[in-house]
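A.B. asks: Before we start, here is the structure in question, set down as C-alpha cells.
Values quoted throughout were computed directly from the atomic coordinates according to the rules given, and no laboratory measurement underlies them. Note that the structure is a prediction, hence the values are computed from the model and not measured. Here the Cβ positions follow ideal geometry from the backbone for every residue, glycine too, while neighbour counts run over all protein chains shown.
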Amino acid sequence: MYQLSANAIRDLILKGEISALTMVQTCLKRIAHHDKEVGAFLSLCAERAVEKAEKVDAKRKKGEPLGKLAGVPIAIKDNIHVEGLISTCGSRFLSNYRAPFSSTVVELLEQEDAIIIGKTNLDEFAMGSTTENSAYQVTKNPWDLSCTPGGSSGGSAAAVSARLVPLALGSDTGGSIRQPAALTGVVGFKPTYGRVSRFGLVAYGSSLDQIGPLAASVADTALIMEIIGRHCSRDATSITAPSENYGKQLLQGLQGVTIGLPTSFIQDLSKEAKANFMQAVDLLKSLGCTTVEIDLSLLKQSIAVYYILATAEASTNLARFDGIRYGIRSERAKTLDEVYEFSKQEGFGPEVKSRILLGTYVLSAGFQEAYYRKAQKVRTLIMKQFASAFANCQIIAMPVSPFPAFPIGSFQDPLQMYLQDIYTIAANLAGLPAISVPSGFSQDQKPYGLQLLGPQMHDGAVLHTAYHYEQATTFSQIPPRFNNEVLG
Amino acid sequence: MSNLHEWEPVIGLEVHIQLNTKSKMFSSAPNRFGDEPNTNIGVVCTGQPGSLPVINKEAVRKAVQFGCAVGAEIALVSTFDRKSYFYPDSPRNFQITQFENPIILGGSIETAVGEEIKTFQIHHAHLEDDAGMLKHFTSFAGVDYNRAGVPLIEIVSEPCMHSAADAVAYANAIKAIMEYLNASDCNMEEGSLRCDCNISIRKRGEKQLRNKIEIKNMNSFRNMEMAIEAEIERQIALYTHDPDAIIPKGTYRFDLEKKETVLMRLKEEAEDYRYFPEPDLPPLLLSLSFVEEIKKTLPELPKQRFHRYIEELQISPYSASLLLNDKPLCDYFEEALAHTSNPRLLCNWVTVEFVGRLKDSGKTMGSSGIPPNHLAELVSLIEKGTITGKIAKLVADEMVLAPGKSPNAIVQENPDYQPVSDSGAIEKIVDEVLQENPQSIADFQAKKTKAYTYLMGQAMKKSRGKADPSILNAILTKKLESL
C-alpha cells in the first residue's frame with residue numbers, strides 16, 4: 001500500500017476501496033518503523049493528520065465532493081509554514097517558532113484534501129546540499145544509509161525515496177529540490193519562478209527561492225503542480241497566468257521535441273556520469289526527439305553569481321532573526337546589542353553565519369559595485385544566453401549533479417561543496433522550470449538523475465518530456481535497496 | 001540676529017508624511033493611530049518569517065496625486081529597495097523604501113513667504129514604510145508595532161530655502177496640499193507629518209555648499225522655525241569665531257527649553273544601509289492612463305485657490321496663505337464667500353478678528369457654531385454702513401458668545417449698536433466737535449486734509465461709533481465749508 005502513487009491513492013479513496021485513515025496510519029506506521037534510520041522527519045503531526053483523514057472519510061461517506069489529493073499523505077519541508085506547527089527551518093533559532101499562519105501551498109493542498117503528515121529535515125534555512133547543516137539531525141540516503149540524501153530538501157527527498165510518504169514539498173534556491181531528488185532516485189521539480197506562491201516559505205534568497213514537489217513519479221508531480229501552481233495575491237512575484245492542467249499535457253506525443261545539449265559545459269563530468277547522461281539523451285532521441293548543440297558557457301559563472309546574490313538577499317532576509325520578537329533570545333544578553341549578538345551566536349550554525357557575513361560584505365558600501373551589481377549583470381547575461389538557446393530548442397537536458405550520493409561528512413570544505421551545484425543553479429538564476437527525473441544507477445547502485453529545463457512558464461513542457469522519458473524507463477519504479485533490506 | 005547680510009543660510013527639507021490609507025503600505029493590517037499597542041498588526045508588519053510585502057495601491061494613488069499636484073514627473077516604473085539597519089522598532093531590520101527609482105521626480109511648491117510669492121523645488125518623493133515605536137518603562141522597553149508598516153511619503157526638497165520662514169512656508173504648503181488631497185492628517189504632534197531640516201550656511205556669493213547638519217524630531221512648525229533660526233545663529237557664530245572652521249556633519253535635535261540645537265550623533269558614525277533592490281517586490285508599473293485619470297480628477301488644490309484669492313479677490317498673498325494653510329478655515333471662508341461681495345473684508349474678519357476671538361477657547365471657525373453666512377452678513381452690515389467697524393467688533397464678540405444668532409438680530413436687539421441716522425443729533429455732535437477744535441478748523445482751511453479725518457474721528461467717537469458715516473460726512477463738510 002505504501003508504494004501507491006498519489007494518483008492511485010486518490011482514486012482508491014474516491015472509490016471507497018481504501019480509507020484516508022488507513023492511508024495515514026500506513027504512513028505513520030512506516031515512519032515509526034523506518035525514520036529512526038533515515039531521519040527524514042523533524043516533527044510529525046499525527047493527531048492532526050488522523051483528524052483530517054477522518055474528515056475526508058466522513059465527507060466521502062456523505063457523498064460530498066472530494067479534492068484532487070483526497071487522503072494523500074504529504075510531507076512538508078520545515079521551512080514552509082503549517083499554521084500551528086513549529087517551523088524550525090532546521091535552525092536552533094526557530095526551535096520554538098510556531099507558525100502563525102499556513103503557507104499558500106499548504107492551504108491549497110489542504111483545500112484539495114491532502115493530509116499533512118509532518119515536517120522534514122533540511123539544511124539550516126535551506127543553506128546546503130547535504131542536509132548536514134541541520135541543527136537537529138543528519139538525514140540518510142535510503143539507498144545507502146552511510147550517504148547523504150543531498151540537500152537542502154534532503155528530508156523530503158529521503159521521505160519519498162523510502163516511500164514513507166508518496167509526496168513531499170521542498171524548496172529550491174540553487175538545486176535544493178532537484179539534487180536530493182537525483183541522489184535519492186525520486187522526481188523533483190522546481191517550477192518557473194513565480195508559478196508557486198512563496199507566501200509562507202521562510203525566505204533564503206527571495207529572487208531564487210521556489211517551492212516545488214518531490215514525488216515518486218512525474219504523473220504525481222503534475223498532479224500536485226496543478227494544485228499549487230497558481231496565482232497568489234499575497235506574493236507580489238506570483239505569476240498571474242491561470243493554473244494549468246499538466247496531467248492532460250503529459251499525454252501528448254514527444255515527436256518533434258528539440259532537446260538542447262550544452263556539450264562543452266558538461267565535458268568535465270566523470271566518465272560514468274557522462275555515460276549515464278548520454279544514455280538518457282539517446283533514449284529521448286529514440287522517443288522522437290531531435291538534439292541540438294547549445295552554448296551555455298556562461299553557466300560556469302553561475303556558482304559565483306549565485307553565492308553573491310543568494311547570500312546578499314539572505315543577509316537581509318535573516319536579519320529579522322534578532323531575538324526581539326520570536327525565536328530564541330540569548331539568556332546571557334543584558335543589553336540590546338547583546339540580545340542581537342548572543343542570540344545570533346547561539347541560534348545560527350556556522351554555514352548560516354558565513355553566508356550572512358558574505359552577503360553583508362557583498363552589499364557593503366565600496367564593495368557593492370564589484371560584487372552585487374556585477375553579479376546582477378552576469379545574471380542578466382545568463383538569462384540572455386538561455387533565451388538564445390531556447391530559440392533553437394524547447395527543452396535543455398543536463399545532469400543534475402556531477403556525482404551520485406556521497407558519504408556523509410565527505411565535504412569539509414564548503415567551497416568544494418558549492419561546486420556540486422554547478423548544473424542546478426542556473427535554472428534559479430534564470431527562473432526556469434527544471435526537473436530531476438531518475439535516469440539509472442551508478443555501479444554501486446546509487447541513483448542518477450536527468451535534468452530537463454524549459455523556458456519560463458513552460459512547466460508543462462518540462463513535465464511532458466520528463467514523463468515520456470520516465471515511461472520509457474523503469475528507474476522510478478525501482479524501490480531503494482533500503483526497502484529490500486528492511487522488508488526482506 | 002547675526003549678520004545675515006554676510007551669510008546666506010541654505011536649507012533643504014525632508015518631509016515625511018503618513019498617508020491616511022485604510023491599510024498599511026505592504027499589508028492588510030489596519031492603518032490607525034491611537035489604538036492599544038500591538039493591536040493593528042499582522043504577519044508582515046511584525047516581520048514574521050515567511051511573510052511577504054504587497055504594495056498598497058491606495059498609497060500609490062495618493063503619492064501620484066501628490067506628484068500631479070506639484071507638477072512633478074510621475075515615474076511609470078519605480079522600484080523598491082531594502083535599507084538595512086538594526087533597531088527593535090524595525091520588524092525586519094530593513095526598511096522597504098524607494099532609494100534608486102522613486103515614484104515622484106521634481107515638482108515645485110509655490111507659496112507666500114510673508115507677502116512675497118516664492119517657488120521651491122522638490123527633488124523627488126518616494127514611498128516607504130514607517131517603523132514601530134519603542135516605549136521605555138522603568139525596567140524594560142517595549143515595542144509597539146501599530147505604526148510599523150504605515151505608508152509614508154518622503155518629500156525631499158532641493159536645498160532651495162534660505163530662511164526659517166521659507167522652510168515653514170514650504171512645509172505648510174506641502175501640508176496644505178496633502179490636506180486638500182485628503183491624503184494625510186498631517187498632525188505633527190501625532191507624528192503623521194515629520195520634518196528633517198538640513199541646514200548649512202555660506203558666505204553670500206559663495207557657490208559651493210558647506211557641510212550641512214540635520215535637525216530631527218520637531219513637533220510643530222513653530223519649533224521648526226525656532227530650531228532653524230537657532231542653528232543658523234550657531235553656525236554663523238562658529239564661522240565668525242573661526243573662519244576656517246569645518247562644521248562636522250551630524251544629526252541634531254532642538255532643545256525647546258534652552259532654545260538651541262543639541263547634537264544627537266555625528267554622521268561619521270552613520271551606518272552603511274546596504275541598499276539593494278527589494279526582491280519580493282517587482283518594479284511598480286503605472287500606466288499613462290492611470291496618471292492621466294488622476295490628473296483629471298484632482299480636487300481643487302491650494303495653489304488654485306491661492307491664485308484665485310490674490311488675482312480675482314484681491315486678497316494679499318499673506319492673508320491668502322493664512323487661509324490656505326488651514327484647510328477647514330479656508331473651506332469655511334469659501335462657504336461665506338458665496339454670500340458676500342467684499343472678499344477682502346471677509347478674509348480679514350475670518351483670519352484676524354474671528355480666529356483671534358476663538359483662539360483661547362480652543363475652537364475653530366468650523367467648530368464655533370457660527371454659520372458662514374453670518375460672517376458674510378456681518379461684512380455686509382459694515383459695507384452698507386449699517387454698522388461701523390467699531391460696532392462690528394462688538395457684534396462679533398456676541399456672535400462668538402451666542403453662536404447661531406445672526407448679526408442682524410444682534411444689532412436689532414441692541415439700540416447701542418444701531419446707527420444714529422437722526423441728522424439733528426448728528427448736527428449737535430458736529431457743532432460740539434467744531435467748538436472744541438478750533439486749531440483743526442484752521443488747519444482744514446489751510447488745506448490740510450488730515451484735519452478733516454481728525455474731525456470725523458472725533459465726531460464718530462462722540463457718537464460712540466454709532467453715527468451713520470455718510471450723514472456725518474455730509475453734515476461735517478457742509479458745516480466746514482460754511483464757516
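A.B. asks: Quote to one decimal, in nm, the extra length available between A:Thr380 and A:Glu331 on full extension: 0.36 nm per residue of separation minus the C-alpha distance between them.
C.D. replies: On the way: separation 49, 0.36 × 49 = 17.64 nm, distance 4.54 nm.
Contour length minus Cα-Cα distance gives 13.1 nm.
A.B. asks: Oh, and also: Kindly write out, for the stretch B:25-36 in residue order, the coupling ³J(HN,Hα) from the Karplus curve 6.51 cos²θ - 1.76 cosθ + 1.60 (θ = phi - 60°), rounded to whole Hz, with x marking Gly and Pro.
C.D. replies: 3J(HN,Hα) across the stretch B:25-36, in whole Hz: 4, 10, 7, 8, 4, x, 9, 9, 8, x, 7, 3.
A.B. asks: Name the residues of the stretch B:370-393 whose amide N is less than 12 Å from a point 7 angstrom out from the Cα of B:Ser341 along the C-beta direction?
C.D. replies: Within reach of a label on B:Ser341, which here means backbone N under 12 Å from a point 7 Å along Cα→Cβ, the stretch B:370-393 contributes B:380-381, B:383-385.
A.B. asks: Work out the charge dipole of chain B with +1 on the Cβ of Lys and Arg and -1 on the Cβ of Asp and Glu about the Cα centre, then indicate which of B:Ala230, B:Ile315, B:His124 is farthest towards its positive end.
C.D. replies: Sorting the options by dipole projection puts first B:Ile315.
A.B. asks: About the Cα centre, and with charges only on the beta carbon of Lys, Arg (+1) and Asp, Glu (-1), how big is the dipole of the stretch B:326-417? Nearest 20 debye, please.
C.D. replies: Once rounded to the nearest 20, the dipole reads 140 debye.
A.B. asks: Which residues in the stretch B:466-483 have a backbone N closer than 19 Å to a point placed 7 Å from the Cα of B:Lys447 along the Cα-to-Cβ line?
C.D. replies: B:480-483
A.B. asks: So which of B:Lys363/B:Lys393; A:Lys285/A:Lys446; A:Lys15/A:Lys52 end up more than 21 Å apart by C-alpha? Please report the intermediate quantities before stating the final value.
C.D. replies: Values: B:Lys363/B:Lys393 19 Å; A:Lys285/A:Lys446 25 Å; A:Lys15/A:Lys52 18 Å.
Over 21 Å Cα-Cα: A:Lys285/A:Lys446.
A.B. asks: Place a +1 charge on the Cβ of each Lys and Arg in the protein assembly as shown and a -1 charge on the Cβ of each Asp and Glu, then give the dipole magnitude about the Cα centre in debye, rounded to the nearest 20.
C.D. replies: The dipole magnitude comes to about 1040 debye.
A.B. asks: If the chain between A:Glu83 and A:Gln445 were fully stretched, how many nm would it gain, using 0.36 nm times the residue separation less the Cα-Cα distance?
C.D. replies: 126.4 nm
A.B. asks: Helix B:372-383 versus the longest principal axis of chain B: what is the Cα-based angle in degrees, 0 to 90, to the nearest 10?
C.D. replies: 40 degrees
A.B. asks: Using the Karplus curve 6.51 cos²θ - 1.76 cosθ + 1.60 with θ = phi - 60°, what ³J(HN,Hα) values do you get for each residue of the stretch B:45-57, in whole Hz, with x for Gly and Pro?
C.D. replies: With the stated coefficients, the stretch B:45-57 comes to 7, 9, x, 5, x, x, 7, 9, x, 10, 5, 7, 5 Hz.
A.B. asks: May I pose another question? Can you find, among A:Ala70, A:Ile382, A:Gly175, the residue farthest towards the positive end of the dipole of chain A? Put +1 on the C-beta of Lys and Arg, -1 on that of Asp and Glu.
C.D. replies: A:Ala70
A.B. asks: For a Förster distance of 30 Å, can you work out the FRET efficiency between the beta-carbons of A:Ala472 and A:Lys15, rounded to the nearest 0.05?
C.D. replies: 0.55
A.B. asks: Would you please classify the overall shape of the stretch B:326-417 from the alpha carbon gyration tensor, given that a ≥ b ≥ c denote the square roots of the eigenvalues, rounded means a/c under 1.5, and beyond that prolate means a/b larger than b/c while oblate covers the rest? Mind dumping the intermediate values first?
C.D. replies: Details: a/c = 1.77, a/b = 1.26, b/c = 1.40.
Note, shape of the stretch B:326-417 comes out oblate.
A.B. asks: Additional query: Cβ under 12 Å from A:Glu64's Cβ, A:Glu64 left aside: what net charge do those residues give with Lys, Arg +1 and Asp, Glu -1? Please report the intermediate quantities before stating the final value.
C.D. replies: Values: positive: A:Lys55, A:Lys59, A:Arg60, A:Lys61, A:Lys62; negative: A:Asp57, A:Asp113.
Here the charged neighbours net out to +3.
A.B. asks: If you take the beta carbon distance between B:Asp416 and B:Tyr318 as r and set R0 to 35 Å, what does 1/(1 + (r/R0)^6) give as a FRET efficiency, to the nearest 0.05?
C.D. replies: 0.55
A.B. asks: Additional query: Going by amide H atoms built from the backbone, whose H comes under 5 Å of the H on A:Phe403, apart from near neighbours?
C.D. replies: When sequence neighbours closer than 5 places are left aside, there are no close amide H contacts.
A.B. asks: Which is the longest stretch in chain B that no exposed loop site breaks, taking sites as chymotrypsin sites (Phe, Trp or Tyr not before Pro) with a DSSP loop state and at most 10 other Cβ atoms within 10 Å?
C.D. replies: B:141-483
A.B. asks: Which semi-axis lengths, in whole Å and largest first, follow from the square roots of five times the eigenvalues of the Cα gyration tensor of the stretch A:213-263?
C.D. replies: Computed over the stretch A:213-263, the values are 25, 16, 12 Å.
A.B. asks: Still on this structure: Near B:Phe86, within a Cβ-to-Cβ distance under 11 Å, what is the net charge of the other residues, with Lys and Arg +1 and Asp and Glu -1?
C.D. replies: That works out to -2.
A.B. asks: 7 Å from Cα along Cα→Cβ at both B:Val77 and B:Arg32: what's the point-to-point distance in nm?
C.D. replies: Roughly 4.0 nm, to one decimal.
A.B. asks: Set the Förster radius R0 to 35 Å, insert the Cβ-Cβ distance between A:Asn245 and B:Asp272 as r into 1/(1 + (r/R0)^6), and round the FRET efficiency to 0.05.
C.D. replies: 0.10
A.B. asks: Calculate the spin-label point distance for A:Ala275 paired with A:Arg373, positioning each point 7 Å from the Cα along the beta-carbon direction, and give it in nanometres.
C.D. replies: 5.0 nm
A.B. asks: Name the residues of the stretch A:91-106 whose amide N is less than 17 Å from a point 7 angstrom out from the Cα of A:Glu51 along the C-beta direction?
C.D. replies: Counting backbone N atoms under 17 Å from the label point, the list is A:98-103.
A.B. asks: Now for a different question. For B:Ser220 paired with A:Gln137, estimate the spin-label separation in nm (one decimal), with each label point 7 Å from Cα along the Cα-to-Cβ line.
C.D. replies: Output for this residue pair reads 6.6 nm.
A.B. asks: What are the ³J(HN,Hα) couplings of the stretch B:139-148, residue after residue, when phi is run through the Karplus curve with 6.51, -1.76, 1.60 and θ = phi - 60°? Round to Hz, x for glycine and proline.
C.D. replies: 10, 7, 10, x, 10, 9, 8, 4, 7, 5
A.B. asks: Using the crude model of +1 on Lys and Arg Cβ and -1 on Asp and Glu Cβ, and no other charge, please compute the dipole size for the stretch B:1-85 relative to its Cα centre, in debye to 20.
C.D. replies: I would put it at about 540 debye.
A.B. asks: Further question: What does the average come to when, for each residue of peptide A:230-237, you count the partner chain Cβ atoms lying within 10 Å of its Cβ?
C.D. replies: Partner-chain Cβ atoms within 10 Å, mean over residues of A:230-237: 4.
A.B. asks: Out of the stretch B:260-312, which GluC sites (Glu not before Pro) are coil in DSSP terms and have no more than 15 other C-beta atoms within 10 Å?
C.D. replies: Listed in order of number, the matching sites are B:Glu271, B:Glu300.
A.B. asks: Under 8 Å for C-alpha pairs, at least 6 residues apart: give me the relative contact order for chain A, rounded to a whole percent.
C.D. replies: Working: 1186 pairs, mean separation 84.4, N = 488.
Computed over chain A, the figure is 17 percent.
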